[in-house]
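Each remark here refers to the structure printed beneath this line.
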Amino acid sequence: MSDTTNQLLSNLNALVTGLFLLTAFGIVAMRQARGCLNLFIVQSLLLAASAALLGLRYQSVDLYGVALVNVISKPVVVPWLLRRTSPAEIYTRREVDQALNIPTALLIALALAILAYFLGLPLLKAVAPEFRGPNVPIGIAGLLLGAFTLTVRREAIPLLIGLLAMENGAFLCGIAVSRNLPLLIELAIATDGLIIVFIMGVLTRTVQKQIGTTAVGELAALKEAPVRSAQREETK
Amino acid sequence: MTRKIIFNLIQVLVVMVFAPLASGLLARLKEMVQSKRGPSIFQPYRDLWKLFHKDEIISEDSSWIFRFTPYIVFVTPVFVTLLIPVLTNYPLFFAFMGDMIAGGFVLALGGFFATLAAIDTANPYGPVGASRTRMVGFLAEPVFMIVFFTVSFVAGSTIPYIVQEKWVSPLSNFFLPSHVLLVLAFLMLILAEGGRIPVDNPAGHFELAMIDESKSLEYSGRGFALMKWGGYMKMFVLMCIFLNVLVTPWGMASGQTVGAVLLAIPYLLFKIFCFLLVLVVIESSFSKLRLFRISEFLGAAFITSVAAMIAQVFLT
């Protein structure tokens with residue numbers, strides 16, 4: 001392929017990863033559970049687009065496979081599974097609460113994204129020059145932001161989406177580091193993710209049936225109170 | 001040399017003449033989407049004409065600021081027009097007098113005086129709107145700064161004529177993540193600064209909900225005409241910066257003849273028409289945010305602009 005096409009493909013891939021970073025920020029800050037899920041779908045499509053562009057750039061069939069598996073599993077099967085398993089009440093509620101207010105959460109998320117750059121630097125030095133690109137640091141940033149979502153969210157579905165966003169970040173990193181990721185691994189991980197979604201969905205439904213809410217962030221006090229009294233008795 | 005000065009003046013004339021048209025067109029397009037008839041697209045010209053022929057009433061208790069402000073609000077967008085590419089893609093006579101940051105500050109000066117004038121007459125609604133405008137303003141300020149820093153980081157300059165070259169040479173630069181994210185962030189800024197829908201409702205006439213409009217409540221006659229015209233021009237100038245420097249740096253005159261420069265006018269109007277269509281879609285599909293949600297909207301703009309910068313750092 002000619003140099004200009006390669007340059008264009010690299011820039012398009014960079015653009016896709018940039019938008020990926022933006023959706024990762026969005027998942028941290030989005031108010032509605034529904035919006036969170038939609039953003040996750042967009043993020044997965046962007047991940048697939050990045051895999052397809054890299055596949056085109058480096059003529060790798062495996063990356064096409066990764067893109068295909070991503071397009072089928074995450075944007076289609078995950079929402080379907082969630083709809084089937086988790087309570088419908090979450091999607092109709094307009095607002096879900098967070099541990100931090102949104103501007104603060106976003107500022108911390110920004111700091112994490114910058115941290116991801118410094119984490120990515122040594123990793124970038126370790127790989128061959130042609131594998132260097134925006135994928136590695138932005139993938140790490142996606143991983144960190146997903147983990148951060150896990151800490152600030154208090155609602156079951158956004159928590160699950162944070163977990164899946166972490167996986168997306170790891171994959172965005174992975175497709176750049178190794179060109180020939182065996183398709184089998186990708187398939188295995190995709191299945192694994194779906195099973196996680198299934199289990200979490202069923203769990204959420206059970207939690208809602210037992211205590212009437214899915215705001216799992218508020219369950220901490222319920223759980224800790226007897227433990228504390230037991231500890232007190234021990235110290236006595 | 002004289003030719004470049006003349007071209008500069010043509011730019012100013014174009015902005016002055018066509019700014020009310022853009023506003024009328026936007027209002028008309030919006031009414032068409034809402035299945036209303038609406039006034040003609042030339043209504044802003046008629047309003048201005050009528051206002052210039054009316055008597056002006058100025059409160060006895062107001063100071064010189066109140067009388068002085070309409071002129072500042074009118075002059076600042078004209079001044080910025082001298083600095084930015086409106087019709088030509090080569091720098092004109094005054095282009096190196098200031099960069100994009102200077103342009104932003106000059107526009108902010110007009111906003112600053114409008115705020116002072118709103119407080120000046122002690123009308124109860126003026127200060128409410130003024131303080132809200134300041135709130136939007138100081139939340140938008142960091143976004144402006146990051147956008148300009150990223151522009152200078154990518155293009156190596158903040159002179160708009162140099163920046164617009166950067167995005168299209170080579171063409172693949174157009175797809176740089178920093179460019180696309182900057183465009184998004186700047187679009188959000190235009191919505192906030194122009195008092196458009198997610199932040200403020202320009203068609204609302206309920207004083208308690210006003211943000212931008214309430215600043216000119218006390219004006220009448222010629223002062224009001226100048227305030228209105230200045231507002232139209234500010235929006236037009238922002239659209240010119242957005243379209244000509246960031247989004248579509250094509251279709252501008254590269255020749256040195258008067259004909260080439262005049263030919264760039266229809267191109268510019270076409271681009272602005274397309275942008276107005278986008279604005280109409282945004283304005284008709286969102287509702288106005290609650291006041292304290294504005295910080296979240298501008299927070300999103302801030303994140304977008306910082307993501308543009310981070311993406312650029314990651315690339316190099």
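Taking the mean number of other Cβ atoms within 10 Å as a proxy for protection, how do you rank A:7-19, A:78-90, B:300-312 from highest to lowest?
B:300-312, A:7-19, A:78-90
When the gyration tensor of segment A:63-126 is built from Cα positions, what are the square roots of 5 times its three eigenvalues, in whole Å, from largest to smallest?
31, 26, 7
How long are the three semi-axes of the equivalent ellipsoid for the protein assembly as shown, computed from the Cα gyration tensor as the root of 5 times each eigenvalue, in whole Å, largest first?
Those come to 47, 32, 20 Å.
Give the average, rounded to an integer, of partner chain Cβ atoms located within 10 angstrom of each Cβ in A:132-140.
3
Hey, which of these cross-link pairs are over 18 Å Cα-Cα: B:Lys30/B:Lys50; B:Lys30/B:Lys288; B:Lys54/B:Lys228?
Going by Cα-Cα distance, B:Lys30/B:Lys50 fall outside the 18 Å limit.
Can you give the average number of partner chain beta-carbon atoms within 10 Å of each beta-carbon in peptide B:290-297, as a whole number?
Mean inter-chain Cβ contacts per residue within 10 Å come to 1.
Return the Cα extents of segment B:170-255 along principal axes one, two and three, sorted largest first, each rounded to a whole Å.
Principal-axis extents of segment B:170-255 (Cα, largest first): 51, 33, 14 Å.
Please state, to two decimals, what the Cα-based radius of gyration of segment B:1-157 comes to when divided by 2.2 N^0.38 Å (N = residues).
The reported ratio for this selection is 1.25.
Under the √(5λ) rule applied to the eigenvalues of the Cα gyration tensor, what semi-axes describe the equivalent ellipsoid of chain B? Give them in Å, descending.
Three semi-axes, in Å: 31, 24, 19.
Determine, for each peptide in B:157-163, B:272-278, the mean count of other beta carbons within 10 angstrom over its residues, then list the peptides with the highest first.
Going from most to least packed, we get B:157-163, B:272-278.
Just from its helices, what would the mean residue ellipticity at 222 nm be for the protein assembly as shown, if runs of 4 or more DSSP H residues each count -39500 (n - 2.57) and the sum is divided by every residue, rounded to the nearest 500 deg cm²/dmol?
Computed ellipticity for the protein assembly as shown at 222 nm equals -24500 deg cm²/dmol.
Assuming a ≥ b ≥ c are the square roots of the Cα gyration tensor eigenvalues, decide whether segment B:161-204 counts as rounded (a/c under 1.5), prolate (otherwise, with a/b larger than b/c) or oblate.
Cα axes put segment B:161-204 in the prolate bin.
Round to the nearest 10 and give me the degree value, 0 to 90, for the angle of helix B:177-193's Cα axis relative to the longest principal axis of chain B.
Helix B:177-193 sits roughly 10 degrees off the main axis of chain B.
Other chains' Cβ within 10 Å of A:109-122 residues: what's the mean?
That works out to 2 on average.
Work out Dmax and Rg for segment B:204-294 from the C-alpha atoms and quote the Rg first, both in angstrom.
Reported Rg and Dmax, both Å: 17.4, 51.
Taking H placed 1.01 Å from N in the peptide plane, check which residues at least 5 places from B:Thr88 or on another chain put their amide H under 5 Å from its amide H.
B:Ala253
So what are the radius of gyration and Dmax for the Cα set of segment A:80-209, in Å?
Calculated on Cα positions, Rg and Dmax stand at 17.0, 54 Å.
What's the angle, to the nearest 10 degrees (0 to 90), between helix B:43-52's Cα axis and the longest principal axis of chain B?
That works out to roughly 50 degrees.
Would you mind finding the longest exposed-site-free stretch of chain B, with exposed trypsin sites (Lys or Arg not before Pro) meaning DSSP loop and at most 14 other Cβ atoms within 10 Å?
B:55-289
What is the log10 of I(q)/I(0) for chain A, computed with the Debye formula using one identical point scatterer on each Cα and no solvent, at q = 0.10, 0.12, 0.14, 0.16 Å⁻¹?
Debye curve over Cα of chain A, log10 I(q)/I(0) at q = 0.10, 0.12, 0.14, 0.16 Å⁻¹: -0.51, -0.70, -0.90, -1.10.
In a Debye calculation with equal point scatterers on the alpha-carbon sites of segment B:101-211 and no solvent, what is log10 I(q)/I(0) at q = 0.10, 0.17 Å⁻¹?
Per q value, in the given order, log10 I(q)/I(0) is -0.39, -0.87.
Read-outs: derived from the displayed coordinates by stated rules, not from any lab. All figures in this text were calculated on a predicted structure; none of them were measured in a lab. FYI the Cβ positions are ideal-geometry reconstructions off the backbone, even for glycines, and counts take in every protein chain you see.
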